[in-house]
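The values are calculated or read from the model by the stated rules, or taken from the named source; none is laboratory data. Everything numeric here is computed off the predicted structure, so don't read it as measured data. FYI the Cβ positions are ideal-geometry reconstructions off the backbone, even for glycines, and counts take in every protein chain you see. The area values use the complete protein model at the heavy-atom level, side chains included, leaving out ligands, DNA and RNA. Shrake-Rupley method; radii C 1.70, N 1.55, O 1.52, S 1.80 Å.
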Amino acid sequence: MNILNIIKNQLIEVIEWTDDSRDTLSYRWPDEDKQIKNGAQLIVRESQQVQFVAAGQYADLFGPGKHTLTTENIPILSDIYGWKYGFQSPFKCDVYYINTRLFTGNKWGTANPVTVRDQDFGVVRIRAFGTYDFRIVQPALFLKEVAGTDQNFRLDEFADTMRSRIVSVFSEALAKARIPVLDVATRYSDLGAALVQIINPAMVDKYGIEITSFVLENVSVPPEVEEAIDKRSSMTAIGNLNDYVKYQMGQAMANGGDSAATLPASMAMGFGMAQEMMKQMQQPAAAPSGFAPQPAAPAPAPTAADAPAASAPLQVFTPEQAAQLLGVDVADVLAELEAGHLKGRKIGSNWRIAKAALDEFLAG
């Protein structure tokens with residue numbers, strides 16, 4: 001009787017594991033050098049899988065439930081041990097419990113800058129960090145490539161092991177996605193969703209884990225790239241350059257002083273810049289009566305007959321600028337103004353002239 005009790009105590013009849021740590025990824029069940037009895041019960045709870053390893057080979061995998069270990073339930077193990085016609089004697093085998101629940105909020109980050117090729121800025125070095133969620137989907141591959149034979153492989157060990165691997169896969173995914181740096185630095189949520197589609201297959205194939213969420217919390221670029229991004233943002237914020245010129249003129253009018261005195265010339269310059277940048281080229285107007293433009297002179301100012309055209313914005317010039325554009329003397333311009341051949345308004349000061357011109361421009 002005592003001998004039977006001793007033999008019985010040396011056999012494993014029930015295999016089960018209750019995880020109370022909440023951070024264990026894989027756990028090698030301690031057999032205390034005992035053998036597993038033929039017909040032993042294997043209990044696998046929800047969010048668990050059990051991987052048998054025999055003679056250095058990955059054998060049968062069990063999901064949640066209560067399993068009786070017989071030849072029918074362990075075909076791979078039976079083949080490894082050569083149990084072609086069933087078995088009666090106890091056997092030795094390593095039993096690994098794998099935690100398959102979702103592990104959230106794991107941090108990742110680039111220890112060194114990642115070099116990417118950008119279509120706008122050329123070769124750029126960026127730093128990034130964020131979080132990711134994952135679960136184990138291929139226990140055998142996970143044990144082989146990540147956990148190894150560790151008896152209790154925990155989340156902190158996994159973070160240290162996988163941080164550099166995650167960054168490596170992230171770098172490859174970013175290169176494949178060819179996402180512009182402008183988007184990398186401003187569209188974190190969209191970028192994370194796009195990258196997870198590229199990162200996840202690589203993580204499953206290499207390490208047996210599935211990345212369910214990949215979040216970028218920050219992406220930093222060198223100062224010179226930040227400056228270029230700021231400039232592009234400013235141009236986008238300006239939008240319609242003609243409206244922007246009007247705004248600047250209104251500010252100058254409100255401030256008065258010397259800036260208002262030079263406003264007519266600033267207006268003319270502003271119109272030219274807006275037209276050039278917006279590529280709204282205007283057709284040259286005919287020269288006013290009595291004027292013969294010089295061959296090398298630029299396009300003359302529009303005449304009174306041309307003024308009603310709704311497609312051409314009003315251009316304002318000082319008499320000196322009009323004379324230079326038309327290739328005539330200032331006196332001739334003044335004479336034409338007095339005769340009414342050129343549209344103009346004569347008020348007592350430069351500030352009033354500028355204000356009258358601005359009001360007429362805005363009204364048109």
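Within the range 205-218, the set of residues being of a type in the set (Val, Ile, Thr) and open to solvent by 30 Å² or more (accessible area, probe 1.4 Å) comprises Thr212, Val215. Looking only at the range 25-54, residues that are under 29 Å from Asp160 (Cα atoms) and open to solvent by 60 Å² or more (accessible area, probe 1.4 Å) come to 3 in all. Filtering the range 58-81 to residues that are open to solvent by 50 Å² or more (accessible area, probe 1.4 Å), under 42 Å from the mean Cα position of the chain (by Cα) and of a type outside the set (Phe, Trp, Tyr) leaves Leu61, Pro64. The residues listed here are Thr71, Thr104; of these, the one that is of a type outside the set (D, E, K, R) and in contact with a Gly (Cβ under 7 Å, 6 or more places away or on another chain) is Thr71. Return yes when Leu61 is in a strand (DSSP E or B) and touching a residue at least 60 places away in the same chain (Cβ under 8 Å) and no when it is not. Yes; evaluated as a whole, the condition is true for this residue. Note on the range 142-255: enclosed helices (runs of 4 or more DSSP H) holding 2 or more residues that are modelled with pLDDT under 85 and closer than 24 Å to Val123 by Cβ are 155-177, 181-184, 188-207, 223-238. Pairs are defined by a Cβ separation below 7 Å, a sequence spacing of at least 6 or placement on different chains, a first member in the range 91-113 that is closer than 22 Å to Thr149 by Cβ, and a second member that is of a type outside the set (Lys, Arg) and in a loop (DSSP other than H, G, I, E, B); the pairs so defined are Val95/Trp29; Tyr97/Trp17; Tyr97/Trp29; Asn99/Asp19; Asn99/Ser47; Thr100/Ser47. Would the range 91-102 turn up any residue that is assigned to a strand (DSSP E or B), open to solvent by 70 Å² or more (accessible area, probe 1.4 Å), closer than 14 Å to Gly39 by Cβ and out of contact with any Leu (no Cβ under 7 Å at 6 or more places or on another chain)? No, the range 91-102 contains no residue that is assigned to a strand (DSSP E or B), open to solvent by 70 Å² or more (accessible area, probe 1.4 Å), closer than 14 Å to Gly39 by Cβ and out of contact with any Leu (no Cβ under 7 Å at 6 or more places or on another chain). All conditions in (1) surrounded by 15 or more Cβ atoms within 10 Å (Cβ to Cβ); (2) under 20 Å from Asp23 (Cα atoms); (3) touching a helix residue (DSSP H, G or I) at 6+ places or on another chain (Cβ under 8 Å) hold for Lys107, with the sole exception of (1). Whenever a residue of the range 188-199 is more than 15 Å from Asn218 (Cβ to Cβ), its partners that are open to solvent by 50 Å² or more (accessible area, probe 1.4 Å), lying with C-beta atoms within less than 6 angstrom and at least six residues away or across chains, give the pairs Ile198/Lys176.
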